[in-house]
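Each remark here refers to the structure printed beneath this line.
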Amino acid sequence: MLELPVLSASPDSPPAFRWDDWYSGVGGRTIHVPEVQEYLHKIQTEQYPRCEGTAASVRREFGTPEEAAAHIKEKAVEFGADAVGICLIEPSDLYRGRSITETHAIAIAMRMRWRAFQTVPSREAAIECMRIYYDLGETVIRLAEYIRSIGYDCSVEHPIGDSNLLHIPIALKSGFGELGRHGSVIHPRLGPLFRMGSIATSLPMATDSPIDAGIAAFCDKCRACRIYCPAGAIPDQRSPEAGKDHLGNDRYQVDTGRCFPYFATHYYCSACLPVCVYHHKEWARDFDGYETKLFPNVVMDPPPQPFDGVPKESRHSFTKVKRD
Ligand code: SF4
Ligand code: SF4
């Protein structure tokens, strides 16, 4: 059998998030929402077994990588994606210690329902966070099944899961947008309120390029997420030690030790996403026609004590995006 070349993570890659350590440091998992548990159960029992599969023995051949990329993107949209991009996988895109045999990542985004974020943090927002993982998981798995059906191996990076790939650099390289002050990617059309999953495959496809839509520059003037972060975790200034974004800017570094205790005790918080002023006008009708407010109510409870128990070298941080 043909040995596939293995791509290993860069020694500078960040470690995967140590959820159990973080939770045990803040008193355990205390958020109990039955709908969240139900989605989680369905993801584990219905979707995880479908993430693996074997490619068909007969391959569909494409005339050019551009043709292949266009076809795969069309299929992703057919299966429910709101945005699709493609990039080559580099060692810095893998979590520390991970390896992969595929060459290309297909990044897939799905927008979240603005109507669920009218009050944040809230039970509704927590349910929406899990609903999107399920629906996006379905889109990613269906696309993976399709890719296998035309004769190409692929692996699924489930949006909720312990993935090999770092979603943020994959998103930036695939042209999804720019990195916001709140540490999430802002898409020029979808804003920041979306989630991402991906597929790794060696199907030869044309790749996309990072974009400069002026979003990062806008963040330097706007401070809405910093002002409305109840935990005071979002910085005022960019940090040279946090590495660069793809435009060469020093990154903003969110203080996880402040964010996590609030996140873990307030319905997974997420307030920084709906308060982000980027593209609120587009959300006034919640894409599907539901009337909504332009700005959410934010529950600004006094934050719990910061937690710094997870050693710095084991803390999840986003990879330092390289600048070509
Ligand atoms: S999730 Fe909440 S606590 Fe964390 S950075 Fe965003 S707004 Fe702040
Ligand atoms: S709220 Fe403003 S500063 Fe924060 S990420 Fe959005 S645009 Fe950038």
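The values are calculated or read from the model by the stated rules, or taken from the named source; none is laboratory data. Since this is a predicted model, take the numbers as computed values, not measurements. No Cβ is skipped: glycine too gets one built from the backbone with ideal geometry, and neighbour counts run over all protein chains shown.
Take the conditions in contact (Cβ under 8 Å) with a residue 12 or more places away in the chain and more than 30 Å from Val58 (Cβ to Cβ) and apply them to Asp212. Does it pass?
It is true that Asp212 is in contact (Cβ under 8 Å) with a residue 12 or more places away in the chain and more than 30 Å from Val58 (Cβ to Cβ).
Of the conditions (1) within 16 Å of ligand 1 (Cβ to nearest atom); (2) closer than 21 Å to Phe79 by Cβ, Pro192 satisfies every one except a single condition; which number is it?
So Pro192 meets the others, but not (2).
So which residues in segment 235-275 are among the charged types (D, E, K, R) and either part of a loop (DSSP other than H, G, I, E, B) or closer than 13 Å to Pro303 by Cα (or both), if there are any at all?
Asp236, Arg238, Asp245, Asp255, Arg258, listed by residue number.
Can you tell me which residue is farthest from ligand 2 (Cβ to nearest atom) among those in segment 263-273 that are out of contact with any strand residue (DSSP E or B) (no Cβ under 9 Å at 6 or more places or on another chain) and closer than 16 Å to Phe17 by Cβ?
Of everything passing the filter in segment 263-273, Ala264 is farthest from ligand 2 (Cβ to nearest atom).
Looking at Gly177, is it buried (at least 21 other Cβ atoms within 10 Å of the Cβ) and either within 16 Å of ligand 1 (Cβ to nearest atom) or farther than 23 Å from Asp93 by Cα (or both)?
no
Every residue in segment 166-183 that is at pLDDT below 95, more than 16 Å from ligand 2 (Cβ to nearest atom) and not in a helix (DSSP H, G or I), please.
Leu166 - this is the single residue of segment 166-183 that is at pLDDT below 95, more than 16 Å from ligand 2 (Cβ to nearest atom) and not in a helix (DSSP H, G or I).
Of all residues being closer than 16 Å to Gly248 by Cβ and touching a Pro at 6+ places or on another chain (Cβ under 8 Å) in segment 181-220, which is surrounded by the fewest Cβ atoms within 10 Å (Cβ to Cβ)? Just the residue, please.
Ala213
Look through Thr292, Thr265 and report the one residue that is more than 16 Å from ligand 1 (Cβ to nearest atom) and β-branched (Val, Ile, Thr).
The conditions single out Thr292.
To keep it simple, each residue is scored yes or no on (1) closer than 30 Å to Ser122 by Cβ; (2) among the β-branched types (Val, Ile, Thr); (3) over 20 Å from the mean Cα position of the chain (by Cα).
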| position | (1), (2), (3) |
| --- | --- |
| Phe17 | yes, no, no |
| Trp22 | yes, no, no |
| Val26 | yes, yes, yes |
| Pro34 | yes, no, yes |
| Gln44 | yes, no, no |
| Ser92 | no, no, no |
| Tyr95 | no, no, no |
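Determine, yes or no, whether Glu157 is under 14 Å from the mean Cα position of the chain (by Cα), away from ligand 1 (no atom under 15 Å from the Cβ) and among the acidic types (Asp, Glu).
Here the answer is yes, as Glu157 does meet what is asked.
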